[in-house]
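**Student:** There's a structure below that I have some questions on.
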Amino acid sequence: MLAASVLAFSVSPAPLSAPPAGAPTPVTAPPSAASPVTALPAPTGAYPVGETNLHLIDSSRPDPWVAGRDVRELMVSVWYPARRGGGRLAPYVTPRESELIIRAVPQLDGVPGDTLARTTTHARADAPALRRKGGWPLVVLSPGMSLPRATMTSLAEEFASRGYLVAGIEHTYESVATTFPDGRTVTFEAGKAGQTAETGAKVARVRAADTEFVLDRLSRSKRWNRLIDERNIAMVGHSAGGQSAAHLLAVSRRIKAAVNLDGTYNPRTPARPLDKPFMMVGTPRHQPRAGGRDSSWEEFWPHVTGGWKRWLTVTGAEHMSFVDYAVLQPQLGLPGAALDGERAVTITRRYVTAFLDLHLKGRRQPLLDRPSGDFPEVRIW
């Protein structure tokens, strides 16, 4: 595993996993010469899923991370309920992105660089979208620092299969690798100077601007605006994406609800009280009175003033348990968390979907109100 921070804002690329500070580096057997077979869990909803990639250029601002770039370029994946039919499965990442992710992990020396590019997904590339009167509720996904948007594919496919349109944003230069349609692949640049409160605040600002720009472009697009219910938009983020979702929820006029998946807050308080539906789901290091391992959640929580809020802890989970690497790490021969990866994906899907169904579709969700015998790993504070 990589010796990097598991906090919400990680200043060094950590594309697969990172142990807690001070933990010994696990000893693993070298992977075999044969390429591992990697696959994501299938979505469980009723709708087939389509996926399209968008290349968006914001000419109103320079890139915040690289001097001399006078526009901000973004790649966005859109997952959606699709009409039934064939078509090829959408690729997980490009071969070059796969190579850069794998080569960043010393324990994967010998694993073919294109392994992740051959990961089995469950969305059909550019499949015809299924239309719905009034549009589909929209969920914006924001990945962790250094992580590609692809790392939230298991969640995106699940949400789309259950009747949501999903936009996963690649925050350029905040990912270990981002490939554009012309073949360019750019790498991680953000925060190389170190993890500071100032850099954390900048990450939150940049991601807020990225998200608002993407929402603007989708709302003006003749293709997408007919598919989106703009009255019902939520944001779900992991790590740096989770803390960014929380900060943006406090000030956005469009985002109605948000979920933070194990993201440390930096800054530790929102610009204004957060008075909309909000849920935090994390590892035991983020539970109340966690012995100083991370006090940012306890500092942030009093500023969540809305009538609906939840703080959940998942026993046995680690930082990557809430994204695809929960299942991909063991498939690649890396150690997994105490909580089985497939189980971690199931828990994350179920609780976040319940949150979305409650706040974007108005469907009552007892799962969020009390402990569940089906999910004894989850503690509601």
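**Student:** Can you pick out the pairs among 202/256; 133/256; 276/361; 202/361; 192/256 whose Cα atoms lie more than 27 Å from each other? Show your work: numbers first, answer last.
**Tutor:** Values: 202/256 23 Å; 133/256 20 Å; 276/361 15 Å; 202/361 33 Å; 192/256 33 Å.
Going by Cα-Cα distance, 202/361; 192/256 fall outside the 27 Å limit.
**Student:** With the full set of protein chains in place, find how many percent of the accessible area of the chain is carbon and sulfur; take the probe as 1.4 Å. Show your work: numbers first, answer last.
**Tutor:** Details: 7640 of 14800 Å².
For the chain, the apolar C and S fraction of the accessible surface comes to 52 percent.
**Student:** To continue, here is another question. Sequence gap at least 6, Cα distance under 8 Å: using those rules, report the relative contact order of the chain to the nearest whole percent.
**Tutor:** Numbers: 890 pairs, mean separation 65.0, N = 381.
With pairs under 8 Å counted, the relative contact order is 17 percent.
**Student:** Taking θ = phi - 60°, what integer Hz values does the Karplus form 6.51 cos²θ - 1.76 cosθ + 1.60 yield along the range 128-140, in sequence order, with x for Gly and Pro?
**Tutor:** Working through the residues one at a time gives x, 6, 8, 8, 9, 4, x, x, 9, x, 10, 10, 9 Hz.
**Student:** How much accessible surface area, in Å² rounded to 10, belongs to the heavy atoms of residue 35 with a 1.4 Å probe?
**Tutor:** We get 40 Å² for residue 35.
**Student:** So for the chain: antiparallel DSSP bridges make up what percent, rounded to the nearest 5? All intermediate terms of the calculation are to be shown ahead of the outcome.
**Tutor:** Values: 23 of 53 bridges.
If we restrict to bridges inside the chain, about 45 percent are antiparallel.
**Student:** Sticking with this one: Leaving ligands, DNA and RNA out of it, rank 363, 131 by accessible area with a 1.4 Å probe, largest first. Provide the component values of the computation, followed by the final result.
**Tutor:** Working: 363 125, 131 155 Å².
My answer, sorted largest first, is 131, 363.
**Student:** Can you pull the one-decimal nm distance between simple spin-label points at residue 363 and residue 377, each 7 Å off the Cα toward Cβ?
**Tutor:** Spacing of the two 7 Å Cα→Cβ label points: 2.3 nm.
**Student:** Tabulate in residue order the Karplus-calculated ³J(HN,Hα) for the range 148-165, using 6.51 cos²θ - 1.76 cosθ + 1.60 with θ = phi - 60°, rounded to whole Hz; enter x for Gly and Pro.
**Tutor:** x, 4, 4, 5, 10, 5, 4, 5, 4, 5, 5, 4, 4, 5, 10, x, 10, 8
**Student:** Using modelled amide H (1.01 Å from N, peptide plane; none on Pro or chain starts), what sits under 5 Å from the amide H of residue 82, excluding residues fewer than 5 places away?
**Tutor:** Here 49, 50, 130 satisfy the definition.
**Student:** Right, another one. Kirkwood Rh over Cα pairs of the range 130-265 into Stokes-Einstein at 37 °C, 0.692 mPa s: D in µm²/s?
**Tutor:** Values: Rh = 15.3 Å.
Using the Kirkwood radius from Cα pairs, D works out to 215 µm²/s.
**Student:** Which one of 316, 45, 87 has the biggest mean-square fluctuation once the chain is modelled by GNM with Cα springs under 10 Å?
**Tutor:** Of 316, 45, 87, the most mobile in the Gaussian network model is 87.
**Student:** Which ³J(HN,Hα) values, rounded to whole Hz and listed in residue order, are derived for the range 223-230 from phi using the Karplus coefficients 6.51, -1.76 and 1.60 in 6.51 cos²θ - 1.76 cosθ + 1.60 with θ = phi - 60°, glycine and proline given as x?
**Tutor:** Running phi through 6.51 cos²θ - 1.76 cosθ + 1.60 with θ = phi - 60° gives 6, 9, 5, 6, 9, 10, 8, 6 Hz.
**Student:** At what distance in angstrom do the alpha carbon centres of the range 162-202 and the range 294-373 lie from each other?
**Tutor:** Comparing the Cα centres of the range 162-202 and the range 294-373, I get a distance of 22 Å.
**Student:** Under a Cβ-Cβ cut-off of 10 Å, what is the net charge of the residues other than residue 70 that fall near it, where Lys and Arg count +1 and Asp and Glu count -1?
**Tutor:** +2
**Student:** After finding the eigenvalues of the alpha carbon gyration tensor for the chain, what semi-axes result from the square roots of 5 times each, listed largest first in whole Å?
**Tutor:** Values: eigenvalues 138, 127, 101 Å².
Computed over the chain, the values are 26, 25, 22 Å.
**Student:** Still on this structure, I have one more. Grab the other residues whose beta carbon is less than 10 angstrom from that of residue 147, score K and R as +1, D and E as -1, and report the net. It would help to have the intermediate numbers written out before the result.
**Tutor:** Details: positive: 149; negative: 170, 174, 324.
Combined, the nearby Lys, Arg, Asp and Glu give -2.
**Student:** Here's another thing I want to ask about it. Which value in nm describes the separation of the simple spin-label points at residue 275 and residue 44, placed 7 Å from the Cα toward the beta carbon?
**Tutor:** Going from the residue 275 label point to the residue 44 one covers 3.6 nm.
**Student:** Roughly speaking, what % of Cα-Cα pairs in the range 285-381 are separated by over 15 Å, rounded to a whole number?
**Tutor:** Percentage above 15 Å: 67.
The values are calculated or read from the model by the stated rules, or taken from the named source; none is laboratory data. Just so it is clear, the structure is predicted and the values come from calculations on it, not from any experiment. As a convention, Cβ positions derive from the backbone with ideal geometry for all residues, glycine included, and neighbour counts pool all protein chains shown. Surface accessibility is based on the protein's heavy atoms, side chains included, excluding ligands, DNA and RNA. Shrake-Rupley method; radii C 1.70, N 1.55, O 1.52, S 1.80 Å.
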